[in-house]
Amino acid sequence: MKNFCGVHITHEAVQKVGGIGSVVAGLLTSAEYENKIEKSLLYGPLFDIDGSDIAKLGKDGIVLYSGKENYDENGLTKIFKPIEKKYNIKIIYGKRKILHESDRTVSSEVDILLVYINEMFESIVNNYKYDFWNKYNIKSESFKNWDYEQYFRIGIPYYEIIAKLYSEYNIIHFSHEYMGIPSILIMKMNKDYSTGSTINKTIYYAHEIPAVRTIVEGHPGHDITFYNIMEQCRKENKSLEREFTEIGYNYRNELVKKTNEFDYIFTVSDLIKKEYLFLKPDTDEKKLKTVFNGVTSRDITFEKKLQSKNLLQKYCLNLFNYIPDLVFTHVTRLVRSKGLWRDISFLENLDEKFRKNNIKGFYILLSTLIGHGRESYDVYKMEREYGWPVLHRKGWPDLVGMEENIYESINIFNAKSKNIKAVFINQFGFNKHACGNRVPEGASWLDLREGSDAELGFSIYEPFGIAQLETLPYGGIPILSSSCGCTDLLKATDIKPDMYHVVDFLDLDLLKNKLKNLDIKERTELEKEILKKNVSEVFDKLVKVLDRKVYKKRFDSARLISKLISWNSIVKNNIIPVIFGGDKNEL
């Protein structure tokens, strides 16, 4: 019997941009995944043909074939060159190392293949678009967008490449988000697809529902409006497109609706499963499988946890001249969906509680619009000249775009607060090189996960939310909004409520018309009222860690939880049974 190869079609084949990159890393470094799936390939577009081929495949990439450079390490020309000539494309193929996100001693070597399709023969592209319309009723000519075009084009040679390169394997085709949908749909149009001895299984990995994100982020009422309307519409058997007609005819939506052609649809939470059915109510629910994301962690002792917290306390001392009792973190991308204004509103209420109880707190927000980070010499200069990151200035190399608004909110909070102070680090990483001389010696990004007492995450749209749970395996309390899909995992694993807290922003008795017309002022008042109601319960959970014995007990419980929510557990109990039979799909 043939072994299995997993092909992951993604825009994050080389560089991790967001949550999909974390999911891919979690899957591919899972021992349970590797035990069942012998080989893996990352497949995606080659965004830029200029520059070094080695750099194209990432830091640890090894080039085995390059059509651009006419380089062939292993006699692959006979496979790739005819395909390149047929479509007028260039292929770069090789290997790269995927690292475990928390334990750098764990890694997995995978294949990677990038296709340069910018100069693909237009006549071939147009013929495929015509056939695509005939088969799936998707009008490609309506989408004057290169984002659609590039993912459609990489789909044209996809099946030929995979069938020839991995002829000795059965193939599991994973489309991560909409980017891989054209590849799999075009593959299914190929006359050879269903013939021969190769088993092909197709999976749409729904990391979000794009139309829902657009609506939630764009409406002033955000999650409060959308999810309450969704529940009302579900009772009325009314679909998303009938209720929210403004989404119109767009390529992401049309592609996602065609994933009911796949063998399975993996939704990363029950919340996303509901969203998918709201979009596509006629889907066969047997195809829909809730496959939670896993949470990576490493084994540490309680003493190591305390050391990490001590480093964060020292950082506060260096910045604000006091040692906090409790440390809060929020490590996130700087996008609207994270609802960062809710953090400030929550901390305002919590500060009063801390003042009355003579407790000191420290909040670290690590988030930036600059993915590659700022140069260390700029960081040192800003720190020396005006006290970055406690104080900021508008303009590069400091505040850009949304960063200005975040700093303004934190600055006002710090001016008013008595017992909690906040710092906004608009930089990724956490060490002296990345974040300045006031970061304690030996500190690293992992200390923000291992030393934190609580991670805030009041997102307005969060299909899962891996980062919100990253402190949990070390005893940190995730404080989440009800719009975070990861709350479904916490409930499914029967984790005790004192280990986390969910703020329900959706439990409101408002009519649809009122929800649709909710403005920013009304929504903000609702949020403040809801957060204020939750502060006492959150405070009671937090202060327990001030007792060393209770703190140790919480940590020991968290270490057991870490096994339940690990990628190995998710793959073993959710993914493998679906793909290979015995479909229990339960934790």
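The values are calculated or read from the model by the stated rules, or taken from the named source; none is laboratory data. Everything quoted here is computed from the prediction, not taken from an experiment. FYI the Cβ positions are ideal-geometry reconstructions off the backbone, even for glycines, and counts take in every protein chain you see.
General observations
- I62 vs. criteria β-branched (V, I, T) and either more than 31 Å from the chain's Cα centre (by Cα) or crowded, with 17+ Cβ neighbours inside 10 Å (or both): no
- Selection count where residues are closer than 15 Å to I265 by Cα and charged (D, E, K, R), scope the stretch 171-207: 2
- Some residue of the stretch 273-286 being among the hydroxyl-bearing types (S, T, Y), part of a strand (DSSP E or B), modelled with pLDDT of 95 or more and within 21 Å of V212 (Cβ to Cβ): no
- Residue, surrounded by the most Cβ atoms within 10 Å (Cβ to Cβ), within the stretch 13-24, restricted to residues that are within 11 Å of the chain's Cα centre (by Cα) and under 21 Å from S183 (Cβ atoms): V23
- For the stretch 242-266, the set of residues classified as charged (D, E, K, R) and touching a helix residue (DSSP H, G or I) at 6+ places or on another chain (Cβ under 6 Å) consists of E243, R252, K258, listed by residue number.
Residue by residue, here is whether (1) of a type in the set (G, A, S); (2) closer than 17 Å to I184 by Cβ; (3) not in a helix (DSSP H, G or I) holds:
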position	(1), (2), (3)
E254	no, yes, no
I265	no, yes, yes
S297	yes, no, yes
L311	no, no, no
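- Matching option when the condition is of a type outside the set (S, T, N, Q) and either assigned to a loop (DSSP other than H, G, I, E, B) or touching a Cys at 6+ places or on another chain (Cβ under 8 Å) (or both), among L526, L506: L506
- Within the stretch 406-429, residues that are of a type in the set (D, E, K, R) and crowded, with 21+ Cβ neighbours inside 10 Å reach partners that are modelled with pLDDT of 95 or more and part of a helix (DSSP H, G or I) with beta carbons closer than 9 Å, at six or more positions or on different chains, in the pairs K421/C316; K421/L319; K421/F320; K421/F413; K421/N414.
- Residue in the stretch 239-253 that is surrounded by fewer than 21 Cβ atoms within 10 Å (Cβ to Cβ), under 25 Å from the mean Cα position of the chain (by Cα) and free of Cβ contacts under 8 Å to residues at least 40 places away in the same chain present: yes
- Selection of the stretch 528-587 for residues being surrounded by fewer than 16 Cβ atoms within 10 Å (Cβ to Cβ), under 27 Å from S345 (Cα atoms) and aromatic (F, W, Y) yields an empty set.
- For the stretch 336-353, the criterion of a residue being buried (at least 23 other Cβ atoms within 10 Å of the Cβ), outside the structural domain of P478 (by TED's automatic domain parsing), closer than 30 Å to V212 by Cβ and touching a residue at least 24 places away in the same chain (Cβ under 8 Å) is satisfied by no position.
- Residue in the stretch 67-85 that is in contact with a Lys or Arg (Cβ under 8 Å, 6 or more places away or on another chain), surrounded by 21 or more Cβ atoms within 10 Å (Cβ to Cβ) and small (G, A, S) present: yes
- Yes/no for S52 being surrounded by fewer than 21 Cβ atoms within 10 Å (Cβ to Cβ) and hydroxyl-bearing (S, T, Y): yes
For (1) at pLDDT 95 or above; (2) in a strand (DSSP E or B), each residue gets a yes or a no:
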site: Y193; (1), (2): no, no
site: T198; (1), (2): no, no
site: T202; (1), (2): yes, yes
site: V216; (1), (2): yes, no
site: I224; (1), (2): yes, no
site: R234; (1), (2): no, no
site: Y249; (1), (2): no, no
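- Checklist (1) modelled with pLDDT under 95; (2) surrounded by fewer than 20 Cβ atoms within 10 Å (Cβ to Cβ) applied to T296, failing item: (2)
- Within the set I410, I406, I364, I344, the sole residue that is assigned to a strand (DSSP E or B) and of a type outside the set (F, W, Y) turns out to be I364.
- Any hit, the stretch 479-497, residues being over 20 Å from the mean Cα position of the chain (by Cα), in a helix (DSSP H, G or I), modelled with pLDDT of 95 or more and not polar (S, T, N, Q): no
- For the residues N137, N170, N127, N145, the requirement of being among the polar types (S, T, N, Q) and closer than 17 Å to L42 by Cα singles out N170.
- Any hit, the stretch 421-439, residues being assigned to a loop (DSSP other than H, G, I, E, B), at pLDDT 95 or above and over 24 Å from K304 (Cα atoms): yes
- Within the stretch 103-114, no residue that is assigned by TED's automatic domain parsing to the domain that holds R449 sits with its Cβ atom under 6 Å from a residue that is modelled with pLDDT of 95 or more at 6+ positions apart or across chains.
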